[in-house]
Structure formats: structure tokens, C-alpha cells
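K.L.:
Structure in C-alpha cells, see below.
The values are calculated or read from the model by the stated rules, or taken from the named source; none is laboratory data. Values in this document were obtained by computation on a predicted structure and should not be read as measured data. Here the Cβ positions follow ideal geometry from the backbone for every residue, glycine too, while neighbour counts run over all protein chains shown. Accessible surface areas use protein heavy atoms only, side chains included; no ligands, DNA or RNA. Shrake-Rupley method; radii C 1.70, N 1.55, O 1.52, S 1.80 Å.
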Amino acid sequence: MRLVQAEGQWLAGQFDDATASSAEVLARFTALGDDAGCADTHWLQAWIAIDRGDHAASDASLALAVDAARRGGDTLRTMLAEACIARWDVLRDRNLAVARWGGVFHSASAQQHPALATWINDFLALAATLFTIAYSAPPLR
């Protein structure tokens, strides 16, 4: 319930409260050895960081979400966090992101769980759009 409350704080723009609450929740999940709870808390912390404009902290939180999900053997949570990382990576450097993630996330992999498909399709769409802009569109004036 505290994780849901922390998410509510985040959604209400109460970033300091959400940060404090999520840190408290993470400590509890860690003490319990609840890897899924840790992964979900790191996911929330990533979005709090994004809304604060701290992309480095978001990247770190998403990487921790991947680690926690893997520890727990949760393939879906692992892939969700990785697809989210891929989506952010493609906005930074399309070619590097495609080189890193293109073999992992492709149109066939987007037909999995609906939540996962959302992130994969976002990655694919951004990669295609950025390719089109960079290589096919006339120069901007």
C-alpha cells in the first residue's frame, strides 16, 4: 500500500514526498527479499527522477529495476525495464540504441504482453522516425 501511496505522491507532483516514501518502501522490500517489490519501486523512482529532469538517476533506477527483476526470475518485469531503457536510449543516440537493442526488441517481440508491446513499439517507432528524419528527409531550413 505504501508503494501505491508513493505513486500517488508522484502523480500529484509531490516529488520530495514520493522520493522519501519510495526510499522507505524500497528498504522494506529489500529487507523482505521481495525482488518484484524492489523492481517496482525502482521503476517508480525512475519516473520520479524523469519528472525532476534527472535522467542519470532515472537510468540508474531502471538498471536497478532490471537487476531486481532478474534476481526474482521475473522475465516480464526484466523485459519491461529493458524496453523502457531502449526507448530512452533511442532518443539519445538512435544508431547506438538500435545496435544494442535492435536484436532484442523487434516487431515479433512486440506481440507479447500488452504492456511490453507498448514499450517495444515505442522504441521501434522512435527508431524508425529518427532514421527517416536523419536519412530520408530533406534538410531543415
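K.L.:
State all residues of the stretch 84-114 that are assigned to a loop (DSSP other than H, G, I, E, B) and not charged (D, E, K, R); if no residue qualifies, say none.
P.N.:
Selection gives Gly102, Gly103, Val104, Phe105, His106, Ser107, Ala108, Gln112, His113.
K.L.:
Quick test for you: out of Ala31, Ala49, pick the one residue that is open to solvent by 60 Å² or more (accessible area, probe 1.4 Å) and modelled with pLDDT of 95 or more.
P.N.:
After applying the criteria, what remains is Ala31.
K.L.:
Hey, Ala39 hits all of (1) buried (at least 22 other Cβ atoms within 10 Å of the Cβ); (2) free of Cβ contacts under 8 Å to residues at least 40 places away in the same chain; (3) touching a Lys or Arg at 6+ places or on another chain (Cβ under 8 Å) but one; which does it fall short on?
P.N.:
Exception for Ala39: condition (2).
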